1. Which residues, taken from segment 141-159, are in contact with a helix residue (DSSP H, G or I) (Cβ under 8 Å, 6 or more places away or on another chain) and not hydrophobic (A, V, I, L, M, F, W, C)?
2. Within segment 251-261, identify whether any single residue is more than 30 Å from Cys311 (Cβ to Cβ) and either at pLDDT 95 or above or among the charged types (D, E, K, R) (or both), and answer yes or no.
3. Could you check, for segment 302-312, whether at least one of its residues is at pLDDT 95 or above, exposed (fewer than 14 other Cβ atoms within 10 Å of the Cβ), closer than 17 Å to Tyr11 by Cβ and basic (Lys, Arg)?
4. How about segment 260-294: which of its residues are of a type in the set (S, T, N, Q) and under 18 Å from Asp233 (Cβ atoms)?
5. Might you let me know whether segment 230-242 holds any residue that is part of a strand (DSSP E or B) and at pLDDT 95 or above?
6. Which condition does Thr81 not pass, out of (1) over 21 Å from Asp181 (Cα atoms); (2) within 23 Å of the chain's Cα centre (by Cα); (3) β-branched (Val, Ile, Thr), if it passes all the others?
7. Quick check, is Ser38 small (Gly, Ala, Ser), part of a loop (DSSP other than H, G, I, E, B), closer than 21 Å to Lys209 by Cβ and within 22 Å of the chain's Cα centre (by Cα)?
8. So which residues in segment 37-69 are touching a strand residue (DSSP E or B) at 6+ places or on another chain (Cβ under 6 Å) and either more than 14 Å from Gly7 (Cβ to Cβ) or of a type in the set (A, V, I, L, M, F, W, C) (or both)?
Amino acid sequence: MAPFRVGIDSYCLTSRKWDPFTLLDWVRDRGGEGVQFSEVHLPPGREVDQAFLAELADAGREREMYLEWGGGQHVPFDTGTWRPKDLFPGNRLAAEQARALGTDVVRSCSGGFFRWSDEAPSTEILIEAMARALRPQRSVFEDLEVTLAIELHFEFTTFELLRLFEMCDAEPGGWLGICLDTFNMLPMLEDPVLGTERALPWVVATHVKDGGVVLDDGRLLTFPTEVGQGIVDFDSILGLLAGVGRPINLSVEDHGGSFTTFFFDERFLRRFPDLGPEERSRLISAAREGGARLERGALTITDRADWPGMCEERTQRGMGYLKRLVQGTGEGPA
């Protein structure tokens with residue numbers, strides 16, 4: 001197995017509102033090796049300026065931990081009103097901050113669940129608008145040697161991001177890439193292993209998240225679980241990532257909540273035109289397995305309101321499981 005470094009995404013512990021230095025110490029003291037910052041809770045009187053970024057970069061080096069940055073955006077609309085939005089200033093700032101921090105990854109996340117709403121533009125319109133907005137930003141990312149890592153969120157499938165990259169004349173290893181969320185593909189009706197295979201040349205960062213899938217009254221219900229307790233095939237996914245020939249950090253992201261996809265609603269499924277029979281079959285098999293495990297208590301759904309009370313212990317256990325798996329001594333799901 002490739003020598004992955006294992007850490008967390010800061011979102012796991014956002015309820016603690018720790019400053020980045022406290023968060024780094026928490027991760028290090030539990031055997032972790034880095035942090036991807038989805039958000040930053042600043043110490044009193046501080047702001048994200050050059051002095052702060054230099055101090056945070058020094059803290060990462062002193063602890064021998066990787067740092068990855070957030071703040072990127074890729075959907076050129078205010079997703080509350082669907083009015084056009086200029087992404088250039090925010091993305092340039094995020095890229096400059098990443099460069100100052102000494103990292104070459106800026107994670108981009110712009111909301112989600114667009115195709116669940118009849119008010120949102122179609123996926124085709126969004127992708128075309130994204131391509132128009134992102135193409136002029138290429139030189140910014142290339143000059144700073146930073147990759148905008150679009151998260152596999154509840155927005156676009158791997159098929160659709162590959163089309164976006166083609167429209168942007170991007171190449172793997174360049175200014176555009178993917179933050180691979182190993183769970184989020186499930187609500188978007190993608191099998192995590194097949195989705196990873198499609199995205200593989202573009203993966204530059206990760207959210208390692210496990211989860212369950214069950215069929216619920218004609219719907220696909222998906223929910224995060226502790227890493228190692230769900231149905232995501234991490235052996236296969238890490239095997240794929242190990243073969244890319246470049247370092248990829250494994251950042252655990254865990255949280256509560258559940259998500260519903262209208263799996264047997266043909267009108268809704270038309271919004272997922274790339275869903276094929278193999279993917280559909282795998283999702284049904286996963287849902288049957290998940291349903292059986294949920295029934296016997298081997299899977300549980302965590303309410304978002306309950307997450308703050310368990311976030312530290314579950315994040316630590318998930319990170320430990322992932323480290324054992326990377327070292328070749330992990331155990332499979334229950």
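The values are calculated or read from the model by the stated rules, or taken from the named source; none is laboratory data. Since the model is a prediction, treat every value here as computed from it, not as a measurement. We place every Cβ from the backbone using ideal geometry, glycine too, and count neighbours over all the protein chains shown.
1. Glu145, Thr147, Glu155, Thr157, Thr158
2. No, that holds for no residue.
3. Within segment 302-312, one or more residues are at pLDDT 95 or above, exposed (fewer than 14 other Cβ atoms within 10 Å of the Cβ), closer than 17 Å to Tyr11 by Cβ and basic (Lys, Arg).
4. Going residue by residue through segment 260-294, those that are of a type in the set (S, T, N, Q) are 260-261, 281, 285.
Scanning segment 260-294 gives Ser281, Ser285.
5. Going through segment 230-242, the residues part of a strand (DSSP E or B) turn out to be none.
No, the conditions are met nowhere in segment 230-242.
6. Failing condition for Thr81: (2).
7. Details: small (Gly, Ala, Ser): yes; part of a loop (DSSP other than H, G, I, E, B): yes; closer than 21 Å to Lys209 by Cβ: yes; within 22 Å of the chain's Cα centre (by Cα): yes.
It is true that Ser38 is small (Gly, Ala, Ser), part of a loop (DSSP other than H, G, I, E, B), closer than 21 Å to Lys209 by Cβ and within 22 Å of the chain's Cα centre (by Cα).
8. Of all residues in segment 37-69, those touching a strand residue (DSSP E or B) at 6+ places or on another chain (Cβ under 6 Å) come to 37-38, 60, 65-66, 68-69.
Answer for segment 37-69, where residues must be touching a strand residue (DSSP E or B) at 6+ places or on another chain (Cβ under 6 Å) and either more than 14 Å from Gly7 (Cβ to Cβ) or of a type in the set (A, V, I, L, M, F, W, C) (or both): Phe37, Met65, Trp69.
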